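Got a structure for you, questions after.
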Amino acid sequence: MTITTVANTLTVTAENFTGLFDLQIDYLETPFGGVQTVSRWQDVPPGTSDVVAMRPDDTNVKEISLAVTAIDENNAQLGTVDFIIAVYANYNVARDALKGFIHAGG
């Protein structure tokens, strides 16, 4: 997350929130190694052909607190305002990764 200020404007941006929401991916370890669980697609071993399940986090929103303090040209505090930034989960990327994994054969 990046916070920038220009004059009287505060801008909060983020490229992505990868890792903010948990993801569990179950796959069959071969040969006959049982079901293994990882939390990132890149942790599924190459050559794995059997993804058993993909479970997203039950929480669909995370809240981030942000306190903004205004100061004047003499560095005196004029006041502080608290904000809550709500980030909503969008599992389309994980869904698309699962589709790609299945179509690629692991």
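Coordinate-derived values only; no laboratory data. Since the structure is predicted, the reported quantities are computational estimates derived from the model, not experimental observations. Note that each Cβ is placed from the backbone with ideal geometry, even for glycine, and that neighbours are counted across all protein chains shown.
Which order do the peptides 89-96, 40-47 take when ranked by the mean count of other beta-carbon atoms within 10 Å per residue, highest first?
On the way: 89-96: 13.1, 40-47: 11.0.
So the order, starting with the most tightly packed, is 89-96, 40-47.
Between Val52 and Ile3, take the C-beta separation as r, use R0 = 35 Å, and let me know the FRET efficiency to the nearest 0.05.
0.30
Using 7 Å Cα-to-Cβ label points, what is the Leu78/Asn60 separation (nm, one decimal)?
4.0 nm
Just from its helices, what would the mean residue ellipticity at 222 nm be for the chain, if runs of 4 or more DSSP H residues each count -39500 (n - 2.57) and the sum is divided by every residue, rounded to the nearest 500 deg cm²/dmol?
Taken over the chain, the calculation gives -4000 deg cm²/dmol.
Here is a follow-up. Expected output is a single nm value to one decimal: the length gained when fully extending between Asn90 and Leu20, i.e. 0.36 nm times separation in residues minus the C-alpha distance. What is it?
Full extension from Asn90 to Leu20 adds 24.1 nm.
Tell me the Kirkwood radius of the chain: reciprocal of the mean inverse pair distance over distinct alpha-carbon atoms, in Å.
17.2 Å
What relative contact order, as a whole-number percentage, does the chain give when Cα pairs under 8 Å and 6 or more residues apart are counted?
Values: 136 pairs, mean separation 21.5, N = 106.
It rounds to 20 percent for the chain.
Would you calculate the convex hull of the Cα atoms in region 39-101 and tell me its volume per residue in Å³?
In region 39-101, the Cα convex hull volume per residue is 132 Å³.
Between the alpha-carbon centers of region 76-103 and region 23-73, tell me the distance in whole angstrom.
Region 76-103 and region 23-73 have Cα centres separated by 13 Å.
Residue by residue, what Karplus-based ³J(HN,Hα) values in Hz, rounded to whole numbers, does region 37-43 have, using 6.51, -1.76 and 1.60 with θ = phi - 60° and x for Gly and Pro?
Running phi through 6.51 cos²θ - 1.76 cosθ + 1.60 with θ = phi - 60° gives 10, 10, 10, 9, 4, 5, 8 Hz.
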